[in-house]
Amino acid sequence: MEKPAINGREPIRKKPFPARKPFGKEEIKLVVEAIKSQNLFAPSGNKVKEFEKQFAEKYGVKYAVMSTSGTSAIHIAIGSINPEPGSEIITAPVTDFGTIAGILYQGCIPIFADWKKYTFNMDPEDIEKKITEKTAAIIVVHLFGNPCDMDKIMAVAKKYKIPVIEDCCQAYFTTYRGKYVGTFGDIGCFSMQQSKHMTAGEGGITITNNKKYGERMFLFRDKGWQRLSFGSRAYLFLAPNYRPTEITGAIGLAQLKKAENVVKKRNSLGDMLTELIKDVPEILPAPVTSGGKHSYWTYPFKIIGLNPKKFIEGLKAEGIPAAYAYTGKPIYLCSDALRRKKTFGNSGYPFNSQYYNKEIEYKAGLCPVAEKELTLLGTIGINENWSEKDIKDVAKAIKKIAKNL
Ligand SMILES: Cc1ncc(COP(=O)(O)O)c(C=O)c1O
């Protein structure tokens with residue numbers, strides 16, 4: 001029997017896997033253009049405006065607002081819904097802190113809905129269970145690029161008349177029932193951080209079809225500044241400055257020409273890996289929501305019946321870019337802003353404030369399915385530059401470790 005490389009044998013893969021190379025001639029040309037214009041300030045430039053126009057067209061929405069990060073894109077979404085302090089916002093237990101920051105900055109309380117077993121996404125039934133008279137919004141997270149079950153989630157949201165924000169930071173051009181995620185709920189949010197399908201190193205986009213939210217989104221990004229005319233100013237409400245520069249707009253324009261192909265390629269590579277490992281009894285391949293297509297920001301799988309940490313160590317020894325347990329713990333156990341309520345000075349605001357008189361404790365046991373399944377989760381960092389041979393090597397290594405561990 002072939003012995004795994006962890007015992008000092010030959011690894012399946014000695015040559016490094018192809019790296020991402022997101023930037024090229026197109027980005028350079030447009031960035032140079034922006035710099036030569038002698039203006040990098042978006043309100044008086046044309047790159048960010050043009051990007052927003054093209055992104056809105058691709059998504060078939062009326063409003064797209066570019067900002068400085070995914071975190072700001074989500075904060076803009078919440079700021080445009082304008083919930084009362086002390087409102088509850090239901091979201092996913094496993095995500096980046098960027099999903100949570102805007103909730104707290106707007107004085108709201110994050111409430112976590114558990115994963116549905118072996119989907120790595122929020123369970124619509126648990127979302128419904130977590131709804132109270134204080135719920136002001138639901139933020140769904142299409143984790144790893146797998147669409148959430150939007151039919152069921154939107155049915156729950158409609159029943160209780162609660163707006164839905166979609167965190168699509170890991171799910172560009174990802175379809176569910178033939179439509180892009182980000183257009184099912186009231187608002188869609190995207191990150192252009194370096195690792196994302198579409199990137200400018202940093203950046204964010206918020207989209208909507210709703211006029212009230214759309215108009216407020218532009219104001220919320222820009223200190224609430226009305227910018228009606230030069231001279232006397234009107235700042236209409238409290239809001240930060242999340243304006244991107246023309247450089248972000250320029251790079252975004254070039255990325256927008258490539259992003260759909262990036263997603264297509266990842267979708268075919270990820271689905272191919274699933275096909276190759278689907279009969280390995282110790283593995284459950286990446287789940288794909290019925291009616292959806294996965295965009296594989298990363299390739300997730302569940303390890304069953306074997307020690308998952310050792311399984312991943314074995315894969316790494318075979319030269320495979322594998323990682324164990326994604327964020328390690330659910331966000332409410334990773335974040336001291338939640339776990340220890342380290343927010344504004346020593347106030348603990350918005351928790352235990354005049355706006356929120358319920359006791360809330362972020363501790364293990366809040367979302368048992370997510371807590372358990374994270375410990376069984378492996379990911380493979382695939383990207384659009386990989387070939388079919390690269391995927392075959394990953395499958396070979398997975399089979400080898402499964403047999404030999
Ligand atoms: C699911 C999710 N939400 C939010 C964010 C925040 O995005 P950013 O890092 O651009 O602020 C990220 C990315 O890190 C993410 O993956």
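General remarks:
- Selection within the stretch 279-323 - touching a residue at least 12 places away in the same chain (Cβ under 8 Å), charged (D, E, K, R) and surrounded by fewer than 18 Cβ atoms within 10 Å (Cβ to Cβ): Lys309, Lys310, Glu313
- Members of the stretch 235-253 found to be part of a helix (DSSP H, G or I) and under 15 Å from Ser72 (Cα atoms), listed by number: Thr248
- Scanning the stretch 123-141 for residues that are of a type outside the set (Asp, Glu), farther than 17 Å from Ile100 by Cα and in a helix (DSSP H, G or I) returns Pro124, Lys129.
Residue-wise test of (1) more than 26 Å from Ser229 (Cβ to Cβ); (2) surrounded by 11 or more Cβ atoms within 10 Å (Cβ to Cβ).
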residue	(1), (2)
Arg9	yes, yes
Lys15	yes, no
Lys29	yes, yes
Val32	yes, yes
Ala42	no, yes
Asn46	no, yes
Phe51	no, yes
Phe55	yes, yes
Gly60	yes, yes
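- Contact map, the stretch 183-201: first residue within 17 Å of Asn261 (Cα to Cα), second residue assigned to a strand (DSSP E or B) and within 8 Å of the ligand (Cβ to nearest atom), Cβ cut-off under 8 Å, separation 6 or more or different chains; pairs are Met192/Gly204.
- Pair list, Cβ under 7 Å, 6 or more apart: the stretch 265-278 residue free of Cβ contacts under 8 Å to residues at least 12 places away in the same chain, other residue not in a helix (DSSP H, G or I): Lys278/Pro285
- Inspection of the stretch 110-121 finds no residue satisfying the criterion of being of a type in the set (Gly, Ala, Ser) and within 23 Å of Gly214 (Cα to Cα).
- Qualifying residue in the stretch 368-385 (condition: touching a strand residue (DSSP E or B) at 6+ places or on another chain (Cβ under 7 Å) and acidic (Asp, Glu)): yes
Let's see how each residue does on (1) hydrophobic (A, V, I, L, M, F, W, C); (2) more than 13 Å from the ligand (Cβ to nearest atom):
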{"site": "Tyr180", "(1), (2)": "no, yes"}
{"site": "Gly185", "(1), (2)": "no, yes"}
{"site": "Gln193", "(1), (2)": "no, no"}
{"site": "Thr199", "(1), (2)": "no, no"}
{"site": "Thr208", "(1), (2)": "no, yes"}
{"site": "Phe220", "(1), (2)": "yes, yes"}
{"site": "Glu246", "(1), (2)": "no, yes"}
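- Members of the stretch 324-343 found to be of a type in the set (Lys, Arg) and either buried (at least 19 other Cβ atoms within 10 Å of the Cβ) or within 14 Å of Glu361 (Cβ to Cβ) (or both), listed by number: Arg339, Arg340, Lys341
- Single match in Gly79, Gly86, Gly102 (criterion: part of a helix (DSSP H, G or I), at pLDDT 95 or above and away from the ligand (no atom under 13 Å from the Cβ)): Gly79
The values are calculated or read from the model by the stated rules, or taken from the named source; none is laboratory data. Values in this document were obtained by computation on a predicted structure and should not be read as measured data. Quick reminder, even Gly has a Cβ in these numbers, built from the backbone with ideal geometry, and neighbours come from all protein chains shown.
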